[in-house]
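Asks: Please find one structure pasted underneath; my questions will follow.
The values are calculated or read from the model by the stated rules, or taken from the named source; none is laboratory data. Note that the structure is a prediction, hence the values are computed from the model and not measured. Cβ placement follows ideal geometry from the backbone for every residue including glycine, while neighbour counts extend to all protein chains displayed.
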Amino acid sequence: MNIIERYAVKHNLTIALPNGVDWARFNYPNPFHERMVFPLLHGQDHYDVICHHMRFNSKQVNKILPRHVAKYVTILREPGKMFESIFDYFYDLVDFFHNVPSSSRENLEIWLDDAPSRINRGGKGGSKGFHCVPCHRTKVM
């Protein structure tokens, strides 16, 4: 992300920035929507670059950067390392993680050992048939 931003600044390109308190992501993990983008400044008529964390939504991204002029690049991470990063970064925001006292690697392993007992595959709520059974903070010995 940083390399792309520096390139955009060097070449005087307009960067679509998140319109909110979180400067690094577009309300992730929610799907991207054009209303998440900070409005263009006076004298600007289009965005040239969008390079922050988001869940891709092609219809909405195309409203910001039309497909016929845009080049899409994504960075894929190894799933285990990505989940470890998500657990640490979103620990305070995701109640589902809160049955362990902190986001340390040791507590991630404890959480993973217990996670299957908190997932209800019955299709009530949640996305794609998964529903998180409520978690409560507990002291881990």
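Asks: Given the conditions (1) modelled with pLDDT of 80 or more; (2) in a loop (DSSP other than H, G, I, E, B); (3) of a type in the set (Gly, Ala, Ser), which single one is not true for Gly20?
Replies: (1)
Asks: Just give me the residues in the stretch 70-90 being in a loop (DSSP other than H, G, I, E, B), within 14 Å of the chain's Cα centre (by Cα) and surrounded by 13 or more Cβ atoms within 10 Å (Cβ to Cβ), in sequence order. Before you say what the answer is, go through the steps one by one.
Replies: Step one: filter the stretch 70-90 for residues in a loop (DSSP other than H, G, I, E, B), giving 70-78, 90.
Of the ones still in play, those that are also within 14 Å of the chain's Cα centre (by Cα) are 74-77, 90.
Result: Phe90, single match.
Asks: Next question. So, of the residues in the stretch 54-72 that are free of Cβ contacts under 8 Å to residues at least 40 places away in the same chain and of a type in the set (Val, Ile, Thr), which turns out to be nearest to Asn107 (Cα to Cα)?
Replies: As a first pass, look at the stretch 54-72 and keep what is free of Cβ contacts under 8 Å to residues at least 40 places away in the same chain: 54-63, 66-72.
Then keep just the ones that are of a type in the set (Val, Ile, Thr); that gives 61, 69.
On the way: Val61: 36, Val69: 45 Å.
Among residues in the stretch 54-72 that are free of Cβ contacts under 8 Å to residues at least 40 places away in the same chain and of a type in the set (Val, Ile, Thr), the one nearest to Asn107 (Cα to Cα) is Val61.
Asks: Out of (1) in the same structural domain as Tyr7 (by TED's automatic domain parsing); (2) at pLDDT 80 or above; (3) exposed (fewer than 14 other Cβ atoms within 10 Å of the Cβ), the odd one out for Arg67 is which?
Replies: Looking at each condition in turn, Arg67 falls short on (2).
Asks: Which one of the conditions (1) at pLDDT 70 or above; (2) in contact with a strand residue (DSSP E or B) (Cβ under 9 Å, 6 or more places away or on another chain); (3) over 22 Å from His53 (Cα atoms); (4) not β-branched (Val, Ile, Thr) does Gly125 fail to meet, given that it meets all the rest?
Replies: (1)
Asks: Among the listed residues Leu93, Leu41, identify the single one that is in the same structural domain as Trp111 (by TED's automatic domain parsing), surrounded by fewer than 15 Cβ atoms within 10 Å (Cβ to Cβ), of a type in the set (A, V, I, L, M) and in a loop (DSSP other than H, G, I, E, B). Can you show your working first?
Replies: Values: Leu41 fails: in the same structural domain as Trp111 (by TED's automatic domain parsing).
Of the residues listed, the single one that is in the same structural domain as Trp111 (by TED's automatic domain parsing), surrounded by fewer than 15 Cβ atoms within 10 Å (Cβ to Cβ), of a type in the set (A, V, I, L, M) and in a loop (DSSP other than H, G, I, E, B) is Leu93.
Asks: Taking the condition more than 27 Å from Ile3 (Cβ to Cβ), touching a helix residue (DSSP H, G or I) at 6+ places or on another chain (Cβ under 6 Å), without any contact (Cβ under 8 Å) to a residue 40 or more places away in the chain and not assigned by TED's automatic domain parsing to the domain that holds Tyr28, does Leu108 pass?
Replies: The answer is yes for Leu108.
Asks: Among Val9, Val61, which is the only one that is under 30 Å from Asp92 (Cβ atoms), β-branched (Val, Ile, Thr) and assigned to a helix (DSSP H, G or I)? Quick ask: steps written out before the conclusion?
Replies: Working: Val9 fails: under 30 Å from Asp92 (Cβ atoms).
From the options Val9, Val61, the qualifying one is Val61.
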